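Peer 1: Here you go, one structure.
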Amino acid sequence: MDANYLTDEALLQNLTFDKFREEVLKDYRTVCESREASILGRKEVLTGKAKFGIFGAGKEVAQVAMAKFFMPGDFRAGYYRDQTFMFASGLATIEQFFSQLYADPDINNDPFSAGRQMNSHFATKFVDENGEWLPLSQLKNVSSDIAPTAGQMPRALGLALASKLFREEKDLNKMKNLSENGNEICFCTIGDAATSEGHFWEAMNAAGVLQIPLAVFVWDDGYGISVPKEYQTTKSSISKALSGLQKTEDSNGINIYNLKGWDYAGMCEVLEVAIKHIRETHTPALFHVEEITQPQGHSTSGSQERYKTSERLTWESQWECRKQMREWIIENALADDSELRDIELASKKLVKQSRQDAWEKYIKPIRKQVSDVVSLLQANLDQHKNKDGIQKLIDKLSANREPLRRDVMKTLSIALNYPGSPSEAIKNYYANLVKENSKIFNSNLYNEGSKSALKVGHIKAIYNEDAESINGYEVLNKYFDALFANNNKVIAFGEDLGHIGDVNQGFSGLQAKYGESRIFDTGIRELSIIGQGIGLALRGLRPIAEIQYLDYLLYGLQPLSDDVCTTYFRTMGQQSIPLIVRTRGHRLEGIWHSGSPMAMIINSLRGMYVCVPRNMVQAVGMYNTILQSNDPALMIECLNGYRLKEKLPSNLIEYTVPLGVPEVVKEGNDITMVAYGATLRIVEEAAQILEGMKISCEVIDVQTLLPFDINHLVLASLKKTNRIVFIDEDVPGGAAAYMFNKVMEEQGGYNWLDVSPRTLTGKDHRPSYGSDGDYFSKPNVEDVIKIAKEMMAE
Ligand SMILES: Cc1ncc(C[n+]2csc(CCOP(=O)(O)OP(=O)(O)O)c2C)c(N)n1
């Protein structure tokens, strides 16, 4: 029939049908392209072009459905199965997918991680080159994936929580570049087996309490690598197991939906209504997407035939989603077999071409290096004493069909080490490559540009003549009051931090003043407190997440170590987490409230700054420094310092304490004593007594362990005293050994020693309860005096 003769209504129906058909076929094309990418990707690994591959085959249809409802402003916190979602959302191309598979370090080719992450670990850009937040409310945002299973859950919680705060808090609501009235949903994806992790349970419970726009999709393919869900989940069903969290009319909680991963139409229908509901009401939801298959098995590391029964394999081949979608399209007369065949063929072609393009881009700069090096070595051949050796190197490198950067470096390094006379040109080329590779592979652990905490200028604390002496906690309380008045992006939360203003009253009275959206209590759940901080920071806010005692940081260490510390690095500076974790620790009472596991912290938190202020005035200066940067930091206040008197500076929210700059707190000539935090007071007391014994100690507070003494002030002191002892209350071989290594090896301190360098630490075990427990387990004044006398006698 000619369209001219149709009624308006029929025309509209036709148009709607055409649009619908077009959309379905577009989705089918994405499904086919993604499947082809998985198939070809696997081949690339098995033929040795890439090291490892993990793909999204079997999950394509669920992901094109999910992507339909992912709007600008929304966030995703997911895992390595979501390539189809990325393609369908327009956030990744097939070529980029292959570039990441090859570990292409050029950010223009692998825009997710610049070759720093395994394939299918996606991200989008959140901050610009100057460290300023992009208008995230207008972008589709993907927080950078990490490999630890369920590691995305804590972060997802924070990303969704931010929407609630943006909606509720009027000053935040004005920040339209970051949020449009808190309408943004965090789409979180997780495998069925990963829901066994505590991270999942903690986050789901917290979401039900908080009432935040979190949409959790569980891709249930029945296995975690080889272990079936009977061994993973109570009742073998995460939706059944979570049913107690179901929201009712008069309770909080979450909504739970069951979907079939092959049922394109069914999923779209449910999601359309459910996602709208989340957006409007901020009620979190779980989408248990069942009957999903995994036709390629878990990854390129093994084959599924080893653990799936033949019945399961037969079932999977019948119910795999691409086949099911194809049949549904034909049954509903949206396209015929030949039209679909065309799409399938075109997909194959496109993927093949994209793979080729990605490979060419990846290999071209390396081939250029190979050809440069071969030419340089060739040009130098006649002058070289070891002509045969060099010729062999040239031949080997030229014959390498898939050279790596390391092959180029190895060749040059061997050539330079041969006795002979390598040309200046070779030496220069090598030196330049060392620099270039360092930039490619070793950069961006911390912010390096204007948002680096190390670039914040030093402003000294000012004291009025009549400056009052007040308790340490009161210094903090006055500071936080001024800070919250001055910077409306700062949010603080933790156990007992809201209503009572933290267990040591640093926030006393401030919730009433600044509202529950900015200063609030959380449940006892350190892991997801950190997750909240991560999500809020990623969304452009300045969270202070409190861990009540340093001893309990262990519960929250995983997201700090794996997520916070690696984000800037693994996104090549495209995402930043300017999170402050506030806690209190060091010596106080017994096994559980006197922890000072500093080596554990500094060894697992490279990528954060670790501040160990000796008192609260110093802590304030460090807060001010960190808040001017985009770097994440851990602030460990001294537990036994809150009731010590300190003079109150008058420029509370201005003065800064530079990170990595120790302070000499007592000058002396005989022994350099290096310490920090609560131990410093012990050392100062001992130094006074030693003065009476005619032993003059120079006491240095290192102030921050990461970074450590960037200007080598400790060395300057050692040059004067020629004796040094490192004192802290960590275990032997802990942070004192770290400081020892820094000064002896990095600063070259061994050149200036007259006697053996020493460490004085806590005991291997934790302290017993009470003051005697402390005395006999942690360094005390007498220990410091004894070691000083020994050193003077040596
Ligand atoms: C904390 C942690 N433990 C173990 C692993 C190794 N691992 C990677 S994936 C995986 C199974 C995950 O299965 P599931 O969550 O069902 O997701 P699927 O891969 O099936 O999509 C395991 C055990 C890991 N990455 N992280």
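The values are calculated or read from the model by the stated rules, or taken from the named source; none is laboratory data. None of these values were measured; they are calculated from a predicted model. Positions of Cβ are backbone-derived with ideal geometry, glycine not excepted, and every protein chain shown enters the neighbour counts. Accessible surface areas use protein heavy atoms only, side chains included; no ligands, DNA or RNA. Shrake-Rupley method; radii C 1.70, N 1.55, O 1.52, S 1.80 Å.
Peer 1: When you check Glu745 against the structure, is it out of contact with any Pro (no Cβ under 6 Å at 6 or more places or on another chain), closer than 30 Å to Val617 by Cβ and acidic (Asp, Glu), yes or no?
Peer 2: Details: out of contact with any Pro (no Cβ under 6 Å at 6 or more places or on another chain): yes; closer than 30 Å to Val617 by Cβ: no; acidic (Asp, Glu): yes.
No: the conditions fail for Glu745.
Peer 1: A further question follows. Suppose we filter segment 196-230 for residues that are among the hydrophobic types (A, V, I, L, M, F, W, C) and either in a helix (DSSP H, G or I) or in contact with a Lys or Arg (Cβ under 7 Å, 6 or more places away or on another chain) (or both); how many remain? Spell out the reasoning first.
Peer 2: Of all residues in segment 196-230, those among the hydrophobic types (A, V, I, L, M, F, W, C) come to 200-201, 203-204, 206-207, 209-210, 212, 214-219, 225, 227.
Now restrict to residues that are either in a helix (DSSP H, G or I) or in contact with a Lys or Arg (Cβ under 7 Å, 6 or more places away or on another chain) (or both): 200-201, 203-204, 206-207, 209-210, 212, 219.
Count: 10.
Peer 1: While we're looking at this one, here's another question. Out of the residues in segment 215-249 meeting the condition of being of a type in the set (Asp, Glu) and within 12 Å of the ligand (Cβ to nearest atom), tell me which one is farthest from Glu197 (Cα to Cα). Step through it out loud before you land on a result.
Peer 2: Going residue by residue through segment 215-249, those that are of a type in the set (Asp, Glu) are 220-221, 230, 249.
Within this subset, residues satisfying the condition of being within 12 Å of the ligand (Cβ to nearest atom) are 220-221.
Numbers: Asp220: 15, Asp221: 17 Å.
Applying the filter and picking the extreme gives Asp221.
Peer 1: Please name all residue pairs, on different chains or six or more residues apart, with Cβ atoms under 9 Å, provided the first residue is in segment 149-177 and is open to solvent by less than 10 Å² (accessible area, probe 1.4 Å) and of a type in the set (Lys, Arg) and the second residue is within 16 Å of the ligand (Cβ to nearest atom) and not in a helix (DSSP H, G or I).
Peer 2: That search, which allows pairs on different chains as well, returns Arg155/Ala77; Arg155/Ile146; Arg155/Cys188.
Peer 1: Take Ala193 and decide whether it is more than 29 Å from Thr93 (Cβ to Cβ) and within 16 Å of the ligand (Cβ to nearest atom). If you could, list the steps in order and put the result at the bottom.
Peer 2: Numbers: more than 29 Å from Thr93 (Cβ to Cβ): yes; within 16 Å of the ligand (Cβ to nearest atom): yes.
Taking the combined requirement at face value, the residue satisfies it.
Peer 1: Keeping to segment 21-65, report how many residues are free of Cβ contacts under 8 Å to residues at least 12 places away in the same chain and touching a Pro at 6+ places or on another chain (Cβ under 9 Å).
Peer 2: Going residue by residue through segment 21-65, those that are free of Cβ contacts under 8 Å to residues at least 12 places away in the same chain are 22-23, 26, 43, 47.
Keeping just the survivors that are touching a Pro at 6+ places or on another chain (Cβ under 9 Å) gives none.
Final tally of qualifying residues: 0.
Peer 1: Which strands (runs of 3 or more DSSP E) sit wholly inside segment 635-717 and have at least 1 residues that are free of Cβ contacts under 8 Å to residues at least 40 places away in the same chain? Full working, then the answer.
Peer 2: Working: elements: 645-647, 663-666, 671-675, 697-701, 704-706.
Qualifying strands (runs of 3 or more DSSP E): 663-666, 697-701.
Peer 1: Additional query: Limited to segment 139-181, what total is found for residues that are away from the ligand (no atom under 16 Å from the Cβ), part of a helix (DSSP H, G or I) and closer than 21 Å to Gly78 by Cβ? Working first, answer last.
Peer 2: Keep residues of segment 139-181 that are away from the ligand (no atom under 16 Å from the Cβ), which gives 139-143, 157-181.
Pick out the ones that are also part of a helix (DSSP H, G or I) and you get 157-168, 170-173.
Cutting the leftovers down to closer than 21 Å to Gly78 by Cβ gives us 157-164.
The qualifying residues number 8.
Peer 1: Out of the strands (runs of 3 or more DSSP E) lying entirely within segment 451-540, which hold 1 or more residues that are in contact (Cβ under 8 Å) with a residue 40 or more places away in the chain?
Peer 2: Values: elements: 469-471, 490-494, 519-521.
Here the list reads 469-471, 490-494.
Peer 1: Of the residues that sit in segment 196-209 and are in contact (Cβ under 8 Å) with a residue 60 or more places away in the chain and buried (at least 21 other Cβ atoms within 10 Å of the Cβ), which one is farthest from the ligand (Cβ to nearest atom)? Before you say what the answer is, go through the steps one by one.
Peer 2: Step one: of segment 196-209, the residues in contact (Cβ under 8 Å) with a residue 60 or more places away in the chain are 198-199, 202-209.
Narrowing the set further to residues that are buried (at least 21 other Cβ atoms within 10 Å of the Cβ) leaves 199, 202-204, 206-208.
Details: His199: 9, Glu202: 14, Ala203: 15, Met204: 15, Ala206: 19, Ala207: 19, Gly208: 21 Å.
Top of the filtered list is Gly208.
Peer 1: In segment 394-413, what residues are within 22 Å of Ala431 (Cα to Cα) and either assigned to a loop (DSSP other than H, G, I, E, B) or open to solvent by 20 Å² or more (accessible area, probe 1.4 Å) (or both)? Give the steps one after another, and end with the answer.
Peer 2: As a first pass, look at segment 394-413 and keep what is within 22 Å of Ala431 (Cα to Cα): 394, 396-398, 403-413.
Answer for segment 394-413, where residues must be within 22 Å of Ala431 (Cα to Cα) and either assigned to a loop (DSSP other than H, G, I, E, B) or open to solvent by 20 Å² or more (accessible area, probe 1.4 Å) (or both): Lys396, Ser398, Pro403, Leu404, Arg405, Arg406, Asp407, Met409, Lys410, Ser413.
Peer 1: For Asn252, only one of the following conditions fails: (1) open to solvent by less than 50 Å² (accessible area, probe 1.4 Å); (2) more than 16 Å from the ligand (Cβ to nearest atom). What is its number?
Peer 2: Going through the list (1) open to solvent by less than 50 Å² (accessible area, probe 1.4 Å); (2) more than 16 Å from the ligand (Cβ to nearest atom), Asn252 breaks only (1).
Peer 1: Is it the case that segment 461-472 has a residue that's within 32 Å of the chain's Cα centre (by Cα) and of a type in the set (S, T, N, Q)?
Peer 2: In the first step, residues of segment 461-472 are kept if they are within 32 Å of the chain's Cα centre (by Cα); the result is none.
The answer is no; no qualifying residue exists.
Peer 1: Take Arg76 and tell me if it is among the charged types (D, E, K, R), open to solvent by less than 20 Å² (accessible area, probe 1.4 Å), under 20 Å from Glu36 (Cβ atoms) and within 16 Å of the ligand (Cβ to nearest atom). Can you show your working first?
Peer 2: Working: among the charged types (D, E, K, R): yes; open to solvent by less than 20 Å² (accessible area, probe 1.4 Å): yes; under 20 Å from Glu36 (Cβ atoms): no; within 16 Å of the ligand (Cβ to nearest atom): yes.
Against the criterion (among the charged types (D, E, K, R), open to solvent by less than 20 Å² (accessible area, probe 1.4 Å), under 20 Å from Glu36 (Cβ atoms) and within 16 Å of the ligand (Cβ to nearest atom)), Arg76 does not qualify.
Peer 1: Another one. Take segment 753-776 and flag every residue that is buried (at least 20 other Cβ atoms within 10 Å of the Cβ) and either part of a helix (DSSP H, G or I) or free of Cβ contacts under 8 Å to residues at least 24 places away in the same chain (or both).
Peer 2: Within segment 753-776, just Asp774 meets the criteria.
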